[in-house]
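Step one of this worksheet: look at the structure below.
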Amino acid sequence: MKNSFSMLLNSVDQAITTADKKDGANSILSQIQYEGKRVNDDLVGLLAIYRINNGQYSINIEEYSVADFLEENLAQHESMILHRNIEKELECNNDLQWFFDRDLITGVMSNVINNLYKYTKDKILISTSIKDNYLLIQIKDNGPGYPENMLVTHENTDKEKSISFENSNTGLGLYFSRLVAELHKNKGKNGYITTSNDGIDGGGCFSIYLP
């Protein structure tokens, strides 16, 4: 099912690149692409959560260029970003190297960027830094920010979040991101996530800390 969905999304990507931007079909295809990526991310996330919680996932930590990794992740969402005329910016030292599970962190990035696509006004900023021996990746936007029930701090990361059926807000993405972060361990430290409204002009800010 997941492979079939990926093939469908690839077909939509190709259709968008060949469609006339002035044609209404392009807008419809972009919306289908966005919703499709969300469903695909949820499917992959649910499978990963099941495997992690049942001890069936072996984390694969390797060293990567952080800048190259983030650029590749942004490129995967290029057509959607262009469709909404979103201004994207990446702040990362080209020499920065870090150890992490590439597939899992890609899943986290994809989930967050898909959400920002829906809520940002027109800007996305991805930045990196080293803080207390953690790699800190922050993804900011200039949208309305996170609702109070979706705000996460290091202290309350385990706190259960409410589910909103009206807004289709299950908190699945944050739960998946927390599990992924916590799988990253080094010298007695565990990874973690936070969310805040310290983004661009009071927009949302998602942060993941990897030891």
So is T106 more than 16 Å from the chain's Cα centre (by Cα), among the β-branched types (V, I, T) and either modelled with pLDDT of 90 or more or part of a loop (DSSP other than H, G, I, E, B) (or both) or not? no
Looking only at the stretch 64-102, which residues are aliphatic (A, V, I, L, M), at pLDDT below 95 and either buried (at least 16 other Cβ atoms within 10 Å of the Cβ) or under 17 Å from the mean Cα position of the chain (by Cα) (or both)? L74, A75, M80, I81, I86
Since E62 meets every condition but one in (1) more than 30 Å from K187 (Cα to Cα); (2) in contact with a Lys or Arg (Cβ under 9 Å, 6 or more places away or on another chain); (3) of a type outside the set (A, V, I, L, M), which condition does it not meet? (1)
Would the stretch 38-58 turn up any residue that is touching a strand residue (DSSP E or B) at 6+ places or on another chain (Cβ under 6 Å) and either closer than 25 Å to N190 by Cα or not β-branched (V, I, T) (or both)? no
Looking at S168, S177, can you tell me which residue is within 21 Å of G107 (Cβ to Cβ) and modelled with pLDDT of 60 or more? S177
Can you find a residue that is in a helix (DSSP H, G or I) and within 18 Å of the chain's Cα centre (by Cα) anywhere in the stretch 125-143? no
Filtering the stretch 47-101 for residues that are assigned to a helix (DSSP H, G or I) and of a type outside the set (K, R) leaves a count of 23
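The values are calculated or read from the model by the stated rules, or taken from the named source; none is laboratory data. All values reported here derive from a predicted model rather than from experimental measurement. A quick note on method: Cβ atoms are made from the backbone with ideal geometry, for glycine too, and the neighbour counts reach across all protein chains shown.
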